[in-house]
Structure formats: C-alpha cells, structure tokens
1. What shape does segment 3-135 have by the C-alpha gyration tensor, where a ≥ b ≥ c are the square roots of the eigenvalues, rounded means a/c under 1.5, and otherwise prolate means a/b greater than b/c and oblate the rest?
2. Suppose a student asked you for the relative contact order of the chain, using Cα pairs under 8 Å spaced at least 6 residues apart; what percent would you report?
3. So for segment 313-474, averaging the separation of alpha carbon pairs under 8 Å that are six or more residues apart and normalising by length, what relative contact order in percent results?
4. Could you list 165, 364, 72 in order of exposure, starting from the residue whose Cβ has the fewest other Cβ atoms within 10 Å?
5. Can you put 302, 97, 443, 117 in order of Cβ neighbours within 10 angstrom, beginning with the fewest?
6. Distance from the Cα centre of segment 326-349 to that of segment 107-162, in angstrom?
7. For Cα pairs less than 8 Å apart in space and 6+ apart in sequence, what is the mean separation divided by the residue count of segment 299-369, i.e. the relative contact order in percent?
8. Could you tell me the center-to-center distance, by alpha carbons, between segment 27-106 and segment 408-475 in angstrom?
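Only the coordinates and a few stated rules stand behind these numbers; no lab work does. Remember, predicted model here, so these are calculated numbers, not experimental data. When we count neighbours, we look across all protein chains shown, and the Cβ atoms used for this are built from the backbone with ideal geometry, even at glycine.
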Ligand SMILES: Cc1cc2nc3c(=O)[nH]c(=O)nc-3n(C[C@H](O)[C@H](O)[C@H](O)COP(=O)(O)OP(=O)(O)OC[C@H]3O[C@@H](n4cnc5c(N)ncnc54)[C@H](O)[C@@H]3O)c2cc1C
C-alpha cells in the first residue's frame, strides 16, 4: 500500500461503478475518505442575470450526491459533504484527517483545470500527494491515435481514426467494500435537501421524462431502455423525436454528472448486440457517444477559445445584444410556436430533445442574430444534462464559429416542424393557448383568418405573441 489514508474527491464522477479514481484509491490506500465539495461559485449569477446553475440542474445534482452517499454507505463508507472552494478546503480537510493523498478525476475546461492546479499546488506544499485520472470519455485520452494537439478539426476524421486505431477499455469493477475510518471522520449529516430547497418543485405532466439524479436511476434507465423496453434496436429511427419518454436514450443528464460512465453504456451495448440484436441503431448510440468524446477533446485542444465569441474559427463579432429579444427567446415567447414549445419544455423540465436544441439555437443565432454565447449561457443554467464541452461545442457549431466543415447550419423552422411535428402534437402539448388549432396549422397561427382565431379565443399579440420574425421566409 502506498498510502495509509487517502481522500477521494468526487467531481463529475458521481458513481461507484466503473470509477477508476475510486478503485485506484482503494488499491493504493489502507483507508479511504470519499468527499464532495459543494462549491458556492456554481450557484453564482451570470452577467446576464440568471444563475449559472438553475433550480432543476441543482435538484438533479443534489439528488445525485445523495444517491452517491447511499451507495457509499452500502459499501460501509460514507460521503463527506463539504461546502466551499475545493482548492481551499480540501487540503486542510486532508491534513486534519491524517490522510496522505487526494485522488480525483481530471476535467478539461479552464475553470475546473485551474481549481485542480491550485489544489495540487496547495496539497504539495503541505506534503500531500495528488493522483488524478482521466475518465470522462469513452476512449481514454492515452489511447487516442494522435496527441490531443493534433486532433482532427473534422469529426468524421476523428471518428474514423479512433474506430480503426483505438479500442475501448474494460470497465472497472464495483468495489466490494471500502475501508472507511469511521472513528476519525464524522460524517456530518448536511441536510442538503432542506438547505437547497429540493422540495419546492412542482410535479411534471405526463409524457415528460422525470429525471431523478444519481447512479441508481441512471442504471435503471439503462436497464429499461435497453432490456425491459427493448428500444435500443430502433434508436436510429426514433432519435429525432420530440415528445415522450423513449424516442432517445435520455442518458445525457446521468452522463453529464458521471452517474453513469460512457464505457458502462458501451459494454452494455456490446452485450445487447450479442444477446438481442446488432444493427445500425446499436452502432448509432455509440456513434453519438463518440460525438460526446469529440467535443471533450476539442475543448482540451482549444482551451478557452470555445467560450469566446470568436470561437475556434476566430470569426469577427457582429452579433446583436438585445436583452429584450433575448428574454423573449428564453421565456418561449417568440411567437414562433416550434421554438416556443421547445423553450418552454426546457424551462419546465430542464431537458430538450436534440432536434429542439438545434432549432432553437439556430433561431437565436441565425434569425435573431443574437450573441451565441448568450444562448450557451442560458442552456448552461437550465439544462440538467449541462456538460461544459457538449454544450459550448455544439453552440459553437450552430454559431458558425466552430470547426464544422458544413458552412451555415441554418434551420428552416417551418420545414423542421413539418418533418418532425407534422400534426403539431408537440406544440399543442407545450403551448396550451394554441391547443385548439388543429393539425399543422398550429405552427403558423399567423396564417389563419382572423375570424377562425377569434372563434378559438386566440388573439395574436395578446393571448399568444406575434412572431418576432417574418415567418413567410420559411414557407
Ligand atoms: C445547442 C446544443 C447544446 C447542447 N448541449 C448539450 C449539453 O449541455 N449536454 C449534453 O449532454 N448534450 C448537449 N447537446 C447534445 C444533444 O442534444 C444531447 O446530448 C442529447 O439531446 C441528449 O439526449 P439523449 O441522452 O436522449 O441523447 P441520445 O440521442 O440518446 O444520445 C446518446 C448520448 O450521446 C451523446 N450525444 C448525442 N448527441 C450529441 C451531440 N450532438 N453532442 C455531444 N454528445 C451527444 C449524449 O451523451 C447522449 O446522452 C447539445 C446540442 C445542441 C444542438
């Protein structure tokens, strides 16, 4: 054993399955103390006036922490929950509890990496060792066929080369038990449920996925989507859906906080292919996980550029910064039903389909010409699956400042609505004030004669907003 006692600092790896940081700490230490730091900076208010982490995101995070605590208790340990800046409080905690090392998982983006470096510096100055592990991606960074600095700027090139030249490591085993120094560590029961107001959330309507944070519900979703409901074999055909629970995997919130690892999903896909069916759909889910990897490695390659208005393309800044127009987009009051329905879903549930995200993002940047970083910040606040790399990477693409070889990713909203919500059911679900309009007409109430609108008690500009843009351009 290298260490008598170590601290495992949990970050976006809130799980006990396939957690290399935890298993390595256990292998190298006689005793292990698991810790999570609630960092008040995560709840700060952005320059745009909304919280960096909105309520639904916070709820999902706190549930995930509580679930991890339970899993660790089942392994005879506990989770110590501290509040403060990890780079400041972890070293003194480690010192006070006589531990010799801090184990943690590596992140890629500036704020998180800065915290790691500051923590390392402080720990080393006190003679405390640090050990960090890469574990957020499907392909391990050390197994890439190229150094990150040489990462191809085009996704397809990256995908083809990893598929050909790399392989995916086996998942780590779940620890059988944890030797936790119970006598010396007091697991103070922080009532995070009360402290952070978890009980306040209204219940969600049917047809909407209810996401509970934590590894257990993530694994339950995996079991249900793959095995119980047998939906993986049709994923490729259904994945562009908008309404309901099962058109796509909905794994993203659990992936974002590391309640489930991409590797666990990959090996479960392999088992499904062996035991049930192997087809384009089973491949496609892995294909999407490679996109997730790609954005993570791109962020590592390009550093802070991914958050900057010029993006990695160094494009000039000609964006509008109109707070009132932006506010209408945020609230789902643009007067474009397809956009509004998606934004209202986001605000109510903390989730939006991939199809929805592409459309609302394109509308903001291409039709309203509003600063793409504003949109990314709003998503950061609201999405329960907020993942710094996937979010800012995708927004850069839509904003045209990323590394997309296809120029101008413009979405014709009406054409999109026709393809993906032909009967208007999605819009009808989220915009009750238009629900009495039948069929596709709900997407363009402006086109209906005034007497019909009147008969349905709809008054544009009063009961539902007038469109912010000329919708004729899409017809
Ligand atoms: C503007 C914009 C912002 C986005 N922000 C985020 C974000 O903050 N967090 C996030 O996880 N995804 C983000 N995405 C990607 C994608 O929309 C979601 O991952 C997906 O909708 C989640 O639903 P799912 O788990 O059912 O996906 P599925 O279709 O079932 O895909 C399986 C998994 O593959 C990964 N994946 C799928 N599509 C993408 C993609 N385009 N980029 C990266 N990974 C992908 C996700 O981890 C997802 O859980 C964003 C997309 C856009 C266009």
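1. Since a/c reaches 1.5 but b/c is at least a/b, the shape of segment 3-135 is classed as oblate.
2. Computed value for the chain: 17 percent relative contact order.
3. Relative contact order for segment 313-474 comes out at 25 percent.
4. 165, 72, 364
5. Ascending number of Cβ neighbours within 10 Å: 117, 97, 302, 443.
6. Between the Cα centres of segment 326-349 and segment 107-162 lies a distance of 36 Å.
7. About 22 percent, as a whole number.
8. First find each Cα centre; the distance between them is then 45 Å.
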